Amino acid sequence: MIQEQRETIERIKAAAGRQIWVTFRKEGVHCYPAAATDPQLATGDEYDVSFLASPHRHIFHFRVWIDVFHNDRDIEFIQFKRWLENLYKDGVLQLDYKSCEMIADDLYVQIAARYSGRCVIIEVSEDGENGCSISYNLSRPSSSIVI
């Protein structure tokens, strides 16, 4: 029975989905111009968010998961994080006046070009408070991805 358990454990390990994740932060300014004129946003009451039409500063928080295919540094954490940070530092990507979802999509395009065929999950938040989570390239049920 013990041999059978070991074999089962090895099969489970071999079939396991594997992801790494990194975090980083980037200061940026954005705005939502439609907030000034859209009646669903410029409501004039406690739900009024017309102030979002003005450029305002945030610290954007990123958490990026990416598939790895083995346990021995398929993608090295620190190198991956530095590469992501440099996409903004070197001007490849800009935060501009984009939503968190738009920022995640732009980042995914760069990741997919370098690391094709991998599931990627990107979270982007404003000041670590409100944000989005987008899953890309899911080749297996999302229930197998542990976040």
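Worth pointing out:
- Rounded to the nearest Hz, the phi-derived 3J(HN,Hα) couplings of region 104-113 under the Karplus curve 6.51 cos²θ - 1.76 cosθ + 1.60 (θ = phi - 60°) are 4, 4, 4, 5, 4, 4, 5, 5, 5, 5, where x marks glycine and proline.
- Qualifying aspartates and glutamates (Cα of each under 20 Å from Cα of LYS13; at least 8 residues distant if same chain): GLU4, ASP67, ASP72, ASP74
- Label sites at VAL29 and ALA113, each approximated as a point 7 angstrom past Cα along Cα to Cβ, lie 2.6 nm apart.
- Zone residues, region 1-32, relative to ASP96, backbone N less than 19 Å from point 7 Å out along Cα-to-Cβ: 26-32
- Hz values of 3J(HN,Hα) by residue in region 67-78 - Karplus curve (6.51, -1.76, 1.60), Gly and Pro given as x: 4, 10, 9, 7, 8, 9, 6, 3, 10, 7, 3, 5
- Label-point gap, in nm, between ASP105 and GLU76 - each point 7 angstrom along Cα→Cβ: 3.4 nm
- Loop sites in region 73-131: trypsin sites (Lys or Arg not before Pro), DSSP, at most 16 other Cβ within 10 Å: ARG73
- Excluding exposed DSSP-loop GluC sites (Glu not before Pro) (at most 16 other C-beta within 10 Å), longest clean stretch of the chain: 77-128
- When you filter the chymotrypsin sites (Phe, Trp or Tyr not before Pro) in region 1-64 for DSSP loop state and at most 10 other Cβ atoms inside 10 Å of their Cβ, you are left with TYR47.
- Given +1 at the Cβ of Lys and Arg, -1 at the Cβ of Asp and Glu and no other charges, the dipole of the chain around its Cα centre is 760 debye to the nearest 20.
- Over the chain: helical MRE at 222 nm, DSSP H runs n ≥ 4 each giving -39500 (n - 2.57), nearest 500: -9000 deg cm²/dmol
- Of (1) 1.08; (2) 1.34; (3) 1.19, the label for Cα Rg over 2.2 N^0.38 Å derived from the coordinates: (2)
- Here the 3J(HN,Hα) profile of region 42-54, calculated from phi with Karplus coefficients 6.51, -1.76 and 1.60 at θ = phi - 60°, is 8, 8, x, 10, 5, 9, 5, 10, 4, 4, 5, 6, 8 Hz, Gly and Pro shown as x.
Every read-out reported here was derived from the displayed coordinates using simple, explicitly stated rules and does not represent laboratory data. For clarity, every value in this text was computed on a predicted model and none was experimentally measured. Note that we place each Cβ from the backbone using ideal geometry, even for glycine, and neighbour counts take in every protein chain shown.
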